[in-house]
Every structure is written in C-alpha cells, then in structure tokens.
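The values are calculated or read from the model by the stated rules, or taken from the named source; none is laboratory data. Since the structure is predicted, the reported quantities are computational estimates derived from the model, not experimental observations. Cβ placement follows ideal geometry from the backbone for every residue including glycine, while neighbour counts extend to all protein chains displayed.
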Amino acid sequence: MSHVLTVAGKEFHCYFKTPVGSIFLFFFLLLCGLFFFFVPDYFSLGEASLRRFFDLLPWVYLFFAPAVAMKMWAEERKIGTIETLLTRPVADHRIVLGKFLASFGLLVVALALTAPIPLLVAFTAASPVDVGPVLTGYLGAALLGAVYIAISLFASALTESQIVAFILGLVLCFFFFVIGLPDVVGIFPRALAEFLTDLSLGGHFANIQRGVVDTRDLLYYATMLTVFLLLNVLAVRRRA
Amino acid sequence: MAASIPKRRRAAFAFTVLLVVANLFVLNWIARDHFARLDVTSTKAFTLHPATIDLLEGLDDLVTVRAFVSERAFRDQPQYATWPRMLRDLLEEFVAAGRGQVRLEVKDPTDDPDVAREARTAGVREVQLQGRDDQSAVVFKAYAGLVLSYGGRPDEVLPFVFPVEQLEYGLALSMSRLVRKRTVTIGFNSLREAPKGLALRYAGAAGMDENDIDRNWRLIRQALERQFDIEKVPMDREVPAHVDLLVVHNVSGMDEKAQFYLDQYLMSGGKLLVLADGTQENAQLKALTARNNVPDALFAHYGFEIARNIVFDRQAYQPDPRLPPRYWFPKLLSRYFDPESSLLNGIDEFHLMLPSSIRLNPPEGVEAVVLAKTTPSAWSQEGFFDVRRDMTPPENLDEYGQFDMVGLLEGEFTSYFANRALPEGVETSSRGPTREEFEKAGFEVEDADDGADEERDDEPDEPSPSGGGGTGGGTQIAPMFVQARSPATKIVVIGNTRFLAEGAPQQFPGNLLFLWALVDRLTTGSSLTDIRNRSLAPPSIRADLTPGARAAVRYGGMLGVPALVLLLGLGSVVWRRARRGA
C-alpha cells in the first residue's frame with residue numbers, strides 16, 4: 001500500500017509543481033459556476049436546488065477527467081520514462097492504482113472546492129434545503145468521477161499522444177454516459193435497451209443524486225472501476 | 001523488465017481479467033433482484049409513507065393487486081422508459097410492507113389477447129399517449145392500470161396510474177377505500193345552490209361564467225369523492241348524524257332555522273368548515289359591496305368574525321411573471337402558516353380570491369389559532385369596490401400589514417340558542433336523544449323557556465335570532481331538545497369561498513389540495529393526504545433577495561473560488577521561481 005501512496009503522492013504533487021493543476025481546477029470550477037448560475041439564470045428558474053448542478057457535473061467531467069488523466073501514461077510513454085517506471089520493484093497494478101489515486105485526488109479537490117455552491121443555494125432558499133440528497137449527490141459525483149478517471153487512464157495507457165488520450169478518454173466516457181439515456185435506449189430493441197440502461201453511467205448516477213443509495217448502483221460503480229483499472233494494467237503490460 | 005514479461009504470463013493475466021469481469025457481471029446480474037436501498041431525503045420521498053405502511057400493516061385479509069402494464073410499449077418510448085421500473089419498484093415496496101397480505105400480479109396485455117380481455121373486463125382501458133420517434137411525435141397505446149381485490153368487496157380500479165409520483169397516494173387511497181369499515185361523509189350545506197358570485201368575471205377574467213363555476217364545483221366534488229362520501233345537506237332540517245364534517249360555504253341562505261340546525265350539529269360534536277366572503281357581488285354595478293347576510297351574531301358567539309373587506313397582497317397570484325399582478329389575489333405561503341398546527345402540513349401555498357380577513361375572539365373553553373396569514377405586504381379595502389378598475393398597491397407604507405385569513409377554533413362550544421327563543425318552524429320530533437340520554441352522555445341540557453326569559457332580561461339590546469325582539473314570532477321548542485354545550489370539536493373558518501368557486505382547480509391545484517387536506521385531517525385525522533402532499537419539489541427562492549444580493553450570489557458563485565484557486569496557483573509558481581532564483 002505504501003508503494004501505491006508513494007506513487008499517488010508523487011503524481012498528485014506533479015499537478016501543482018506547475019500551474020497545470022490550478023488551471024484544471026480553475027476551468028472546472030468556472031464551468032460549474034457558469035452553467036449553474038448563468039446558463040440559464042439560476043434565479044429565473046425559481047427553485048433552490050442542486051439537482052441541476054449534479055445534472056451538469058457529468059458533462060463537465062467529460063472534459064475534466066480526460067484532461068487530468070491524459071498525461072499519466074501517454075507522457076511517460078512519450079518521454080520514455082515508462083520503461084524506468086515499470087522496471088522498478090513495484091507491481092504494475094500498484095503503479096496503476098497510484099496514478100488513479102492521484103488523478104482521483106485532484107477530482108475530489110475540485111469537488112470539494114464546489115462547496116460554496118450548496119452554501120449559496122441554501123442562502124437563497126426560502127425553506128431549508130434537504131441535506132441528504134446533497135450528500136448523496138456528492139457521493140454519486142465522486143463515484144462517477146472515479147469511473148471517468150479510470151476510463152481516461154485506460155485511454156491514456158493506449159497511446160503516447162496526450163491529445164489522442166484526451167479525445168479517446170472523452171469519447172469513451174461520453175459513450176458510457178449516454179448509452180443509458182432515455183433518448184438513446186429508445187432506438188434499441190427492448191432486451192438491448194435494458195442491458196444498455198444497466199451498463200450506463202448516467203442511469204445509476206440519476207438514482208443516487210436524487211437521494212437514494214442503492215446497493216445495485218454502488219456495485220455497478222465498483223464493477224466499472226475494477227474493470228477499467230484491470231484493463232489499464234492489461235494495457236500497460238501489453239504496450240510495455 | 002516489463003518488456004521481458006513472458007507472453008504466457010500476459011495471457012494468464014488477460015484470462016484472469018476476463019474471469020474477474022465475468023464474475024462482476026454475474027454479481028451485478030444477481031444484485032438486480034437482491035438489493036437494499038437507503039432513502040436519505042428528509043421527506044423520505046422515495047420510501048413508502050408511514051401512513052401507507054400503517055395501512056398495509058393493518059390489512060386483515062389478502063389484497064390482490066393486478067397490474068396491467070404494457071411494459072414494452074413504455075420502454076420503446078424514451079421519455080416513458082423508466083416508468084415500468086418505477087412502477088414495479090413501488091408495487092414491490094407495497095408487497096414487502098404488506099407482510100404477506102398483498103399479492104402482486106403483473107401482466108402485460110400487449111401480446112396476449114386473454115390478458116387484454118381480462119384488463120378490459122376489470123375496467124382498465126388502453127390509453128393513447130404521445131411519444132417520440134426520432135424527430136417526429138408519435139401516438140402509441142398502452143395499458144397502465146391497477147385492479148385491487150379484497151375479500152368479497154367490489155374491485156377498486158385505477159384505470160391509469162401514471163405519473164408514478166402520485167401512484168403511492170392513489171394506491172393507498174384505493175386500498176383504504178377497499179378495506180375501510182366506515183365511510184366518512186362530508187356534508188355541504190348546499191351543492192346545487194353553490195355560490196355563483198362572478199366577481200372574477202366582473203373583474204375582467206376572460207371566460208369566467210356560471211358554467212365555469214358549475215364545472216369548478218363539479219371538479220371539487222369529484223376530487224373529494226375519491227376519498228369521502230359527499231352529501232348535500234339542506235339546512236331546513238337537522239343535519240344527519242352521520243355527517244362527519246359540514247362545509248358551510250353558502251351563508252347567504254342561512255336563515256334562523258338553518259342557524260339553529262347548524263348550531264345543534266356543532267353541539268352534537270360535529271365539525272364545521274366555514275367559508276364566507278365578507279363582500280358580495282352587485283350585478284348591476286358590477287362591483288363588490290359589503291355582504292349584509294352573514295350570520296354575524298352566530299359566528300361571533302362561536303368566536304370568529306368575517307370582516308367586510310377585501311384583502312390584497314403584493315405576494316399575489318401572477319399569471320404572467322413578466323407583468324405585475326393585476327388582481328393582487330393573496331398567495332398564502334407556508335412560512336406564514338401556524339407552525340404548531342398539523343392541519344396545513346405539507347401545503348406549500350394556496351391562493352385566495354378577493355377574500356376577507358377574519359378575526360378570532362374565542363369564548364371561554366375554546367382555543368383559537370390563526371392557521372394562515374397573508375404576508376406583511378398585504379392591504380385591505382372596505383366599502384364599495386369596483387373590481388373592473390386596475391388595482392394599484394397603496395403608496396403609503398402604513399397601509400400595509402398582515403391579515404388573518406384562516407383560523408381554527410377548538411374546544412367545547414356553547415349553544416347560541418341555549419338562552420334564546422327558537423326560530424319558527426324548527427322541527428323537534430325527529431331529534432333522537434332524550435334529555436336523559438344527553439345528560440347521561442355528560443352533556444348539559446338547558447331549559448329553553450327559562451333561558452329565553454333570562455336572555456331577554458339580561459341582554460335587552462341584542463337582537464334575537466328571530467329578528468323580532470326575542471320571542472316574537474318564534475316557536476318554543478321542547479326544552480329537552482336544545483343541546484347547550486358541545487363536546488370537544490373544531491371549527492375552521494376561511495374568509496373566502498371564491499377561491500373554490502371561481503379559482504379553477506386546474507389552474508390552482510394548491511387550492512384543491514388545501515381543501516382536501518383540511519377535510520381529511522378534520523374528519524379522519526388521517527395522514528393520507530400527507531402522502532400526496534409529500535413534496536418532491538425543491539424549495540423556492542427567497543423573495544426578499546435584493547438585486548444586489550442576487551448579483552453577488554451569481555458572480556460570487558461563478559468567480560469567487562475559481563479566482564482564488566488561480567491566484568493561489570500563480571502565487572505558488574512565482575514563489576517557487578523566486579526560491580529557485582534565491
């Protein structure tokens with residue numbers, strides 16, 4: 001475990017050695033604030049709710065997660081440090097887990113920095129805001145973000161170009177998010193539609209963000225996370 | 001070296017990954033039917049309401065729920081795709097809470113003519129819905145009905161149960177109706193002669209005519225009939241004992257005899273919901289003037305008064321948010337409801353239309369509570385009121401204030417007729433209990449003869465209910481039939497009828513819900529309406545936020561933290577460089 005934390009600490013520290021981490025956080029928070037308060041105007045909707053914030057998070061993640069994870073493997077491969085890294089006496093899966101934790105750590109920091117948004121919503125609400133769905137919304141956002149990061153890390157492991165890794169990560173995340181949306185499943189036959197709904201990141205997030213913690217959703221996120229981290233290890237081994 | 005990882009090891013690892021993935025898929029598959037859910041919403045919006053659970057736990061015989069649902073038809077339509085799952089989830093919650101007394105049969109009539117026939121025979125019809133196919137709108141047909149069977153009683157049918165948000169209420173209601181042992185009856189002091197004031201038409205509301213008012217009353221009646229028996233109660237005879245609540249919404253027809261029967265109904269423990277406007281329409285002038293036929297003395301005896309005014313509020317009904325309100329109909333908001341009383345629990349808001357304020361002055365033994373007030377930005381007008389004129393709120397701030405609009409009086413009331421001569425024509429023969437029976441039940445029975453004399457001696461200036469100076473023209477009733485004191489009971493008073501008669505239930509669903517919740521809680525003390533009232537809606541935005549505060553929230557929310565993060569990031573880089581340089 002200490003190896004995992006060492007890798008995670010080193011990678012997380014890298015985000016803040018340069019302004020890159022701050023710029024990622026800046027744009028993430030700016031987009032969240034812009035779309036929540038201005039597009040459309042928060043006050044014109046008349047409801048003091050965070051549902052819209054959690055609705056837009058998966059879309060902001062689509063850019064944030066691949067951007068955060070794109071350099072993790074692609075850069076190592078491009079500058080040739082991957083050989084050095086993988087020859088160290090640390091198991092591959094530990095390195096993968098360490099890199100995942102570093103990226104996920106940045107995402108958690110980003111989420112934590114959105115805390116003023118619920119506080120402002122509570123300030124503008126005519127009656128007390130229900131805290132339960134806010135907390136589960138953040139739990140769901142963290143789980144969804146973790147899966148997005150795992151997918152993006154996998155994409156990064158497949159190429160040595162950060163741009164390609166970013167685009168591939170974005171496409172994969174987008175695919176797994178939209179396949180269960182009602183407008184999409186409607187075009188498929190029933191059995192396939194049901195399967196796609198169960199496979200989709202969006203459907204499971206909708207349940208948890210409204211305030212219902214369901215073991216099926218938690219198991220789904222754990223499964224997706226495990227699958228993509230394993231694929232990540234596989235991709236690293238294959239390309240090494 | 002990683003590059004030297006043997007191919008066999010890589011293949012073995014790939015195979016392990018494949019096995020893990022397969023196992024996880026199987027695990028997810030199994031978890032579809034074996035799962036646990038935790039609803040963390042404060043209202044338990046996605047959990048069965050305690051009232052539903054109480055109802056289900058109280059079942060003493062098997063209730064069979066047959067669900068006829070065209071699952072495929074719904075799943076083929078993107079916007080309805082989640083309905084069948086939500087429906088099934090909810091029905092399964094009912095089965096689980098029913099502890100073996102609820103059996104569920106889900107049938108899809110789509111491809112099975114026998115099931116379709118069974119559905120139609122039971123009263124569930126295929127309903128036409130609008131869906132979407134690629135870019136164009138399509139119409140599709142689907143079944144989504146429930147049939148509840150219990151013992152030998154006639155089935156309860158919910159022909160179409162969507163939206164699912166209202167299903168728990170509908171299902172609980174049907175189940176309670178199916179298994180109930182006694183019917184709750186709501187009496188209206190008149191239904192056919194429902195008030196037909198047309199204040200709104202005079203005020204220029206388009207399309208408002210007598211037909212609209214008839215339709216409104218019909219909708220109100222239909223809505224209440226889903227839960228209660230509704231009965232017209234003519235006030236020229238005693239109110240039947242089985243009436244649990246009397247809704248007095250037509251005070252203009254209340255002569256002394258009607259007042260006597262109303263009084264004695266209250267004295268027998270009956271509950272009253274009094275709706276009365278302090279103003280009346282003048283058809284010739286197309287204006288409102290002070291109402292002159294309110295039984296003020298009777299109402300004052302019970303502890304309330306209907307003011308002869310019209311109350312307006314800056315917090316008003318606003319059909320078009322871009323325009324200022326024209327009529328300033330007060331919008332009563334939950335934050336101005338009495339927090340101690342449960343009667344208005346779950347009601348967010350309702351509108352009163354050209355209402356009058358009330359004043360509560362409870363007699364001894366009776367407690368009074370103002371259930372709902374206007375906001376502090378309300379004002380009133382008395383005397384002649386031309387409803388066709390556009391209203392402008394007063395400029396003088398002293399004219400604004402809060403007005404009491406809905407009140408509750410609770411306790412043991414004394415009879416208005418205990419010490420008075422009785423109205424002419426009061427029928428006494430049909431009254432059931434004898435004096436002995438009343439006394440045995442703990443009620444106080446007074447001698448009307450003596451009382452009438454005393455009252456004349458003590459209060460010579462107060463007009464008698466007969467209007468003729470005490471006994472003039474009045475017929476003496478046998479003393480034993482006047483019940484002088486009520487057991488503990490309740491009166492709810494609202495200074496408005498127009499909010500029901502002229503406020504279309506479709507346009508103001510909050511008004512109907514308000515009436516429904518009041519009636520339900522006054523009669524059964526039941527919390528079934530709480531299920532319906534459970535709000536999935538988030539809180540609204542505070543109305544008192546200034547434009548400056550709004551701008552601060554918007555810009556602060558968007559730029560505050562990002563700017564801080566950027567500054568810290570840049571500061572950190574500058575600091576590093578400076579340190580490196582040093």
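Summary of computed values
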quantity: Any hit, region A:93-103, residues being farther than 20 Å from A:I151 by Cβ and hydrophobic (A, V, I, L, M, F, W, C); calculated: no
quantity: Any hit, region B:122-133, residues being outside the structural domain of B:P240 (by TED's automatic domain parsing), part of a helix (DSSP H, G or I) and modelled with pLDDT of 85 or more; calculated: yes
quantity: Conditions (1) among the hydroxyl-bearing types (S, T, Y); (2) surrounded by fewer than 21 Cβ atoms within 10 Å (Cβ to Cβ); (3) closer than 30 Å to A:S2 by Cα: number failed by A:S156; calculated: (2)
quantity: Residue ID - farthest from the chain's Cα centre (by Cα), chosen from residues in region B:543-557 that are charged (D, E, K, R) and within 8 Å of chain A (Cβ to nearest Cβ); calculated: B:R554
quantity: Out of B:A67, B:A96, sole residue that is at pLDDT 85 or above, out of contact with any Pro (no Cβ under 7 Å at 6 or more places or on another chain) and small (G, A, S); calculated: B:A67
quantity: One residue from B:A45, B:A36, B:A31, B:A51 being surrounded by 15 or more Cβ atoms within 10 Å (Cβ to Cβ), in contact with a strand residue (DSSP E or B) (Cβ under 9 Å, 6 or more places away or on another chain) and either among the aliphatic types (A, V, I, L, M) or modelled with pLDDT of 80 or more (or both); calculated: B:A45
quantity: Unmet requirement for B:V366, which otherwise passes all of (1) within 20 Å of B:E412 (Cα to Cα); (2) under 20 Å from the mean Cα position of the chain (by Cα); (3) of a type in the set (V, I, T); calculated: (2)
quantity: Residue that is out of contact with any Pro (no Cβ under 8 Å at 6 or more places or on another chain), surrounded by fewer than 22 Cβ atoms within 10 Å (Cβ to Cβ) and either modelled with pLDDT of 80 or more or closer than 25 Å to B:E238 by Cα (or both), where the choices are B:A488, B:A504; calculated: B:A488
quantity: Among the residues listed as A:V96, A:V121, A:V109, the single one being part of a helix (DSSP H, G or I), at the interface with chain B (Cβ under 10 Å from one of its Cβ atoms) and crowded, with 22+ Cβ neighbours inside 10 Å; calculated: A:V121
quantity: Count - residues of region A:193-215 that are at the interface with chain B (Cβ under 7 Å from one of its Cβ atoms), buried (at least 18 other Cβ atoms within 10 Å of the Cβ) and in a helix (DSSP H, G or I); calculated: 1
quantity: Among the candidates A:S44, A:S22, A:S49, residue that is within 18 Å of the chain's Cα centre (by Cα), of a type in the set (S, T, N, Q) and within 12 Å of chain B (Cβ to nearest Cβ); calculated: A:S22
quantity: Members of region B:360-378 that are more than 26 Å from B:N345 (Cα to Cα) and surrounded by 12 or more Cβ atoms within 10 Å (Cβ to Cβ); calculated: B:P363
quantity: In region A:65-91, residue surrounded by the most Cβ atoms within 10 Å (Cβ to Cβ) [restricted to those that are among the β-branched types (V, I, T) and free of Cβ contacts under 8 Å to residues at least 60 places away in the same chain]; calculated: A:T87
quantity: Test: residue in region B:324-332 that is closer than 30 Å to B:Y169 by Cα, in contact with a Leu (Cβ under 7 Å, 6 or more places away or on another chain) and modelled with pLDDT of 90 or more; calculated: no
quantity: Complete set of residues in region A:124-134 that are in a helix (DSSP H, G or I) and within 7 Å of chain B (Cβ to nearest Cβ); calculated: A:T124, A:G132, A:P133
quantity: Hey, A:F28 under 25 Å from A:L181 (Cα atoms) and at the interface with chain B (Cβ under 9 Å from one of its Cβ atoms) or not; calculated: yes
quantity: Residue identified as more than 13 Å from chain B (Cβ to nearest Cβ), closer than 16 Å to A:A235 by Cβ and part of a helix (DSSP H, G or I) among A:A67, A:A74; calculated: A:A74
quantity: Residue check, A:L62 more than 7 Å from chain B (Cβ to nearest Cβ), part of a helix (DSSP H, G or I) and surrounded by fewer than 17 Cβ atoms within 10 Å (Cβ to Cβ); calculated: no
quantity: Pair list, Cβ < 6 Å and 6+ apart or interchain, from region A:213-227 residues that are at pLDDT below 90 to residues that are of a type outside the set (A, V, I, L, M, F, W, C) and not in a helix (DSSP H, G or I); calculated: A:D214/B:R37
quantity: Top-ranked residue in region A:84-93 [being in a helix (DSSP H, G or I) and more than 7 Å from chain B (Cβ to nearest Cβ); ranked as nearest to B:Y336 (Cα to Cα)]; calculated: A:H93
quantity: Filter result for A:T114 (out of contact with any strand residue (DSSP E or B) (no Cβ under 7 Å at 6 or more places or on another chain), more than 23 Å from B:K44 (Cα to Cα), within 11 Å of chain B (Cβ to nearest Cβ) and without any contact (Cβ under 8 Å) to a residue 60 or more places away in the chain); calculated: no
quantity: Of all residues in region A:176-192 being modelled with pLDDT under 85 and in a loop (DSSP other than H, G, I, E, B), the one that is nearest to the other protein chains (Cβ to nearest Cβ); calculated: A:G186
